[in-house]
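Undergrad: Take this structure first; my questions come after.
The values are calculated or read from the model by the stated rules, or taken from the named source; none is laboratory data. Values in this document were obtained by computation on a predicted structure and should not be read as measured data. Reconstructed Cβ throughout: ideal geometry from the backbone, glycine too, with neighbour counts over all protein chains shown.
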Amino acid sequence: MSGPLQGIRVIEMAGIGPAPFCAMMLADMGAEVLRVDRPLSKRVDLDGKPASEDALRHDVLARGKRTVAVDLKTVAGVEAVLALVDQADVLIEGFRPGVMERLGIGPDVCLKRNPKLVYGRMTGWGQSGPLAHAAGHDLNYIALTGMLGAMGRAGEPPAPPLNLVGDYGGGAMMLAFGLACAFVEAARSGEGQVVDAAMTDGAALLGAMLYGMKAQGTWSEERASNLLDGAAPFYDCYECADGKYIAIGSIEPQFYSQLLECLDIDAAECSHQHDQRAWPEMKRRFASIFLTRTRAQWTSRMEGTDVCFAPVLDMDEAPRHPHNVARETFVEAGGILQPAPAPRFSRTTPSGRPEPHLGEYDVRDALHAWRSTSRSAGNV
């Protein structure tokens with residue numbers, strides 16, 4: 001594989017959600033990711049049922065990785081993982097605090113064997129704190145940060161933002177950033193360390209600007225009463241004549257002027273853009289106008305202008321949009337259409353990623369391969 005992380009060896013302890021997504025990001029960038037999993041016959045899906053071949057084939061988060069089957073309840077299994085640790089640059093695990101220590105593969109043991117190892121730990125609540133050992137999911141973690149409470153319409157419950165904010169934005173991407181930082185530092189100091197990535201910490205960090213606005217007095221705790229939460233008539237989604245939706249983000253005055261022009265509204269009639277008392281009536285007016293044309297008609301009228309416009313596409317439509325096609329934002333691998341690796345690089349361009357390996361890579365072969373090839377630049 002090519003890419004900026006070519007030659008970096010990563011051990012991923014199999015799990016769900018953010019840890020596999022983080023490892024996928026590293027694999028996308030050229031890292032050699034070896035996922036330590038249970039044998040196929042013992043793997044289960046989220047519903048507790050045995051994992052099917054179809055589910056494994058559609059596991060996009062497994063792309064670019066090899067899988068070794070290891071029984072971590074045996075001494076031989078633990079020793080096999082520790083032997084891989086000796087040759088690795090990074091280890092990623094997403095268990096509750098203490099699980100890896102009980103298995104005998106905790107950071108103290110691993111760093112003693114490989115002092116330059118970067119040991120990444122992905123949890124919801126973090127390795128410490130009163131909730132550290134409690135179960136949870138994305139929705140719970142972002143609820144604790146104040147971010148979930150800020151999402152949704154007035155008078156309605158907070159709206160779950162899929163699992164993008166906690167699992168992937170506040171979790172996986174923060175862990176990937178932490179691993180990259182620790183790896184760069186280890187190349188200078190010769191010492192690895194533990195990266196403690198908590199989804200609560202990461203999701204809170206994503207809200208840094210909003211906390212700043214709140215301190216300034218420009219953000220209200222009341223949902224749908226602020227600039228970016230759907231209250232502003234110029235920053236919201238609107239239904240069109242065909243029942244489809246468009247997204248408008250005309251915040252800056254010059255963009256707002258173009259919006260009014262596209263809506264055939266006299267600028268003098270809606271000149272008080274940031275007067276919140278006028279927002280409800282402005283929104284009703286905008287909504288009635290958007291209902292007069294189809295999404296395609298509004299797209300033809302606004303797309304590519306400075307209105308800050310986009311059609312709200314579903315997951316079938318998005319890969320076919322001309323901009324996404326031109327940028328190759330989506331790719332097909334193994335017959336599965338999926339988002340392409342990101343971001344882009346001018347020189348160390350990652351190669352195409354292979355589909356997941358449904359079979360198992362023998363751990364002895366993996367260890368032999370790692371021992372017989374030169375170490376990565378970061379571990380020299």
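Undergrad: Looking only at residues in the range 159-199 that are farther than 17 Å from Leu61 by Cα and of a type in the set (S, T, N, Q), which one is surrounded by the most Cβ atoms within 10 Å (Cβ to Cβ)?
TA: Gln193
Undergrad: Next question, about the same structure. Do any residues in the range 223-247 that are over 18 Å from Ile289 (Cα atoms) have Cβ atoms under 8 Å from those of residues that are assigned to a loop (DSSP other than H, G, I, E, B) and of a type in the set (Asp, Glu), where the two are at least six apart or on different chains, and which pairs are they?
TA: Arg223/Glu156; Arg223/Asp229
Undergrad: Another question about this same structure. Can you list the helices (runs of 4 or more DSSP H) lying wholly within the range 212-302 that have 3 or more residues being of a type in the set (S, T, N, Q) and either modelled with pLDDT of 95 or more or touching a strand residue (DSSP E or B) at 6+ places or on another chain (Cβ under 6 Å) (or both)?
TA: The helices (runs of 4 or more DSSP H) meeting that bar are 253-262, 295-302.
Undergrad: Looking for something in a helix (DSSP H, G or I), outside the structural domain of Met302 (by TED's automatic domain parsing) and free of Cβ contacts under 8 Å to residues at least 24 places away in the same chain - is there at least one such residue anywhere in the range 187-194?
TA: Checked against the condition, which is being in a helix (DSSP H, G or I), outside the structural domain of Met302 (by TED's automatic domain parsing) and free of Cβ contacts under 8 Å to residues at least 24 places away in the same chain, the range 187-194 yields at least one hit.
Undergrad: With the structure loaded, tell me whether Glu261 is among the acidic types (Asp, Glu) and surrounded by 12 or more Cβ atoms within 10 Å (Cβ to Cβ) or whether it fails that test.
TA: For Glu261, the condition - among the acidic types (Asp, Glu) and surrounded by 12 or more Cβ atoms within 10 Å (Cβ to Cβ) - is met.
Undergrad: If you take the residues of the range 63-77 that are in a strand (DSSP E or B) and of a type in the set (A, V, I, L, M, F, W, C), which of them is nearest to Ala340 (Cα to Cα)?
TA: Val68
Undergrad: Could you list, in sequence order, all residues of the range 302-328 that are touching a residue at least 12 places away in the same chain (Cβ under 8 Å) and farther than 16 Å from Gly249 by Cβ?
TA: Scanning the range 302-328 gives Ala318, Pro319, Glu328.
Undergrad: Only one residue in Trp298, Trp279 is more than 14 Å from Pro233 (Cβ to Cβ), hydrophobic (A, V, I, L, M, F, W, C) and surrounded by 17 or more Cβ atoms within 10 Å (Cβ to Cβ). Which one?
TA: One residue alone meets the criteria, Trp298.
Undergrad: Of the residues that make up the range 36-45, is at least one at pLDDT 95 or above and out of contact with any His (no Cβ under 9 Å at 6 or more places or on another chain)?
TA: Checked the range 36-45: at least one residue is at pLDDT 95 or above and out of contact with any His (no Cβ under 9 Å at 6 or more places or on another chain).
Undergrad: Yes or no: the range 161-178 includes at least one residue that is among the hydrophobic types (A, V, I, L, M, F, W, C), touching a Gly at 6+ places or on another chain (Cβ under 7 Å) and not in a loop (DSSP other than H, G, I, E, B).
TA: The answer is yes, given that some residue of the range 161-178 is among the hydrophobic types (A, V, I, L, M, F, W, C), touching a Gly at 6+ places or on another chain (Cβ under 7 Å) and not in a loop (DSSP other than H, G, I, E, B).
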